[in-house]
C-alpha cells in the first residue's frame, strides 16, 4: 500500500486550522466547563476528585521514586500509590500548570478538555494521511474525539485520554510509507505517553499494534521497516518495566487481584451496543447494569462502514482490497474484534466458550488478571470504527463537488446527532477544613467507610498537607477493612493507635452522624474539641507515649480445649510462664468481639482474669504487619498457667491461638 509523503512545513501549515477547529469543538462539547475551570469538577465529585489528587501528587515527589510510591494516604501503609493508576502520562499536561500555581481542579479540567481536543485532532491527522482527504479526516476526528462512548466515561479521565493511540498509529503508517526515523521516535513517545496515562490501554493497545504489524507489513518485501517498528515498540516498552514490577510487588504483597465475577460484571452484554448513555442529547438513554455498559457507537459510523463494504462487494473489489492491505478493511475488522473483546472472559475456559468470548485467551497474558473492566476495549473499537468510517467516506465520496459537500453535510449532521451531549454536568468539590493542629499530626475523618468521606479527605489533604488515614482508590487495602470494622463497633483503641507518638486530628462529618455516635467515640478516646467547622466538629487526640513492645517469646506447645459457647481455650499441657498470646484472625475479625477478656487457670476449673481491653488497635497493627494471617498480639503481665481462654470468641479462635513464653 502506498502512502503520500508530506513535508514538515506543509503539515504544520495545513494542520493549524483543523487543530483550532477541534479545540473549539472540545470547548463546545464540554461547555460550560471552560467557564468554571477552577471551581467545578465534571460529572461527579468521585473519581474526578481522585484523579485530580493523583495528578497533584505527581508534582509533590519525583516520579517513580520511593517517595512518589508512598503518598500520605491510607496512613501508615506503604505503597499506597500502587492502588490506583498513577496517570504520569497525563501529568505531562498538568504538572506545569500545578507548578505555575494553577489549582488542582483547573489542572484536571484542562487535561479533560485536552483529551477531547487531541483525540479528535490526532484521529483527523491519521485518517487524512490514510485517505488523502481532509473531509475524511474531519469525519474521523469528530467520530473519535466526540464519540457517544465518551459521554459515559466523563468521570474517568484516564479512559478519555486516548489521544496518543491515533498518533502512534499515524507514526507507524508514516514510517512504513517513507522509512524516516523521526516517525519511530514519535511512535515511541506516543506509545509511552499512552501507556503512562491508562493501564487498560497499556495492555489493550499492544493487541492492535500486533494486528497492525501482521496486516500492513509485507514481511518479504518490507521486512526492515516492519522490524524497526516492532523493535521500537519492544525497546520503548522496556522503559515501562520498572513501574510495572513495582505495581506487581505492591499488589502481590497485599494480595490484590480482580475476581472473575468482577470482570464479568464489568463486561459488555449483547445489548450494550444499543444502549446510549444518558447524557446524549438526541438519543434516549437505555438503562445499563453498570456505567461501563454504554457502548452505543452511534448510527453514522456504522452506516458509513456498511455502505463502504456494500460498495466493495457490489463492485467486486472486496478481495482486491484485502490483498492490497486496505486500511478500511483493517480498521473495520479491528473495531468488530474490539467490541467482541468487550464481552469479557468466559466463566469456564472451554474451547466453545473461548470462541464466544475471545477475551478469555488474553487472561493468560501477564497483567490482564488485574483488569476489572474488559468493556473498556470499547475505546479501541471506537478509534478503529472512526478510521474505518473515514476510509469508507473517502471511497464513497461523489465525484461532483456539490454532491460531495451535500454528503459531507449529511455525515456531519449524523455525527452531531450521535455524539452531542447535554450541557456537561458540573459538581462542586468537597468543602475544605482549616486545621490548626501541629504539622506532624495525622488526620482521620469519620465515618471512615463512606467513599465520599475518603474522597473528600484526599481533596482536603492537598490544602492541609498532613498524612490521612482515609483514602479512596481502585483497590481498598486489607487493613482498612479491619479499621472500619472495629470503628463501626465503637472501639476507641483504633483512634488511640493512630495517636501513638503524634497527635490525631479527627473530623466527624455532621450530616453522617445524626445520633452523635461518632462524636461520642472520639471523646471516649480522649478527643478535645477544637472547633465546629462547616463540615463537622474537629477534635484533636493528644499523642500518647509509644509503648515498648517486647520481642515475641518462644511459642509454647498447646492444644485446643472444648469450651462453652463464647469461649476459646487452649491447654499448654503443664504450667508455663506466659507473656503473650497471639491470635491469627485472617479475614474473620468481624467474628470476634471488639472487647476481649483473657483468663488463665491451673486446673481448668478455677479461672483468673488477667487482661481485659479493646482489641481493635491490636488487630489493626496485626493487619498492617501481615494482612493474610493478621496475627493479633495481646501482651500479658507475666503469668503462670496451664490453661488460657479468651471471651467473647468463637470456637475457631482456639485453633488460631498461640501462647508465648519469655525469650
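Spin-label model, residue 61/residue 533: points 7 Å from Cα along the beta carbon direction are separated by 2.3 nm.
Take every Cα pair under 8 Å whose residues are at least 6 apart in sequence, average their separation, divide by the length of the chain, and the relative contact order is 13 percent. Projecting label points 7 angstrom from Cα along Cα→Cβ for residue 449 and residue 307 puts them 5.7 nm apart.
I need the calculated FRET efficiency for the pair residue 214 and residue 410, taking r as the beta carbon distance and R₀ as 41 Å, to the nearest 0.05.
Efficiency, rounded to the nearest 0.05: 0.70.
Evaluated at q = 0.12, 0.24, 0.25 Å⁻¹, the base-10 log of the normalised Debye intensity for the range 162-216, with identical point scatterers placed on the Cα atoms, takes the values -0.24, -0.91, -0.97. Over the chain, dividing the summed -39,500 (n - 2.57) contributions of all DSSP H runs of at least 4 residues by the number of residues returns a 222 nm mean residue ellipticity of -14500 deg cm²/dmol. In plain terms, the residue of 533, 386 with the fewest other Cβ atoms within 10 Å comes first and the most crowded comes last, giving 533, 386.
If you look at the Cα atoms of the range 423-470, you get an Rg and a Dmax of 12.2, 44 Å.
Compute the long axis of helix 223-237 from its Cα atoms, compare it with the longest principal axis of the Cα atoms of the chain, and write down the angle in degrees, 0 to 90, nearest 10. Once rounded, the angle reads 30 degrees. Rounded to the nearest 10 degrees, the angle from helix 181-197 to the longest Cα principal axis of the chain is 40 degrees. Our compactness index for the range 311-398, the C-alpha radius of gyration over the empirical 2.2 N^0.38 Å, is 1.33. Using the beta-carbon distance between residue 354 and residue 289 and R0 = 22 Å, what value does 1/(1 + (r/R0)^6) give for FRET efficiency, to the nearest 0.05? E(calc), rounded to 0.05, equals 0.40.
Which part of the range 641-656 falls in the paramagnetic zone of residue 565, meaning amide N under 15 Å from the point 7 Å along Cα-to-beta-carbon? Under 15 Å, as judged by backbone N against the label point of residue 565, lie 648-652 of the range 641-656.
Please give the per residue volume of the convex hull enclosing the alpha carbon atoms of the chain, rounded to a whole number of Å³. Intermediate values should be presented prior to the final figure.
Working: hull volume 126.1 nm³, N = 663.
Cα-based convex hull of the chain, divided per residue, equals 190 Å³.
Compactness of the range 559-660, taken as the C-alpha radius of gyration over 2.2 N^0.38 Å, stands at 0.98.
Packing around the peptides 646-656, 113-123, 542-552, 274-284, taken as the average count of other Cβ atoms within 10 Å per residue, puts them in this order, highest first: 113-123, 646-656, 274-284, 542-552. Placing dummy labels 7 Å off each Cα toward the beta-carbon, the span from residue 361 to residue 325 is 2.1 nm. In this structure, residue 544 and residue 602 have a Cβ-Cβ separation that, at R0 = 45 Å, corresponds to a calculated FRET efficiency of about 0.80.
Quick check: convex hull of the Cα atoms in the range 442-541, volume per residue, rounded to a whole Å³?
Given the Cα convex hull of the range 442-541, per-residue volume reads 95 Å³.
Once the Cα atoms are used to define both axes, helix 327-341 deviates from the longest principal axis of the chain by about 20 degrees.
Each reported figure results from applying straightforward, stated rules to the coordinates on display, with no laboratory input. Given the structure is predicted, the values throughout are model-derived calculations rather than measurements. When we count neighbours, we look across all protein chains shown, and the Cβ atoms used for this are built from the backbone with ideal geometry, even at glycine.
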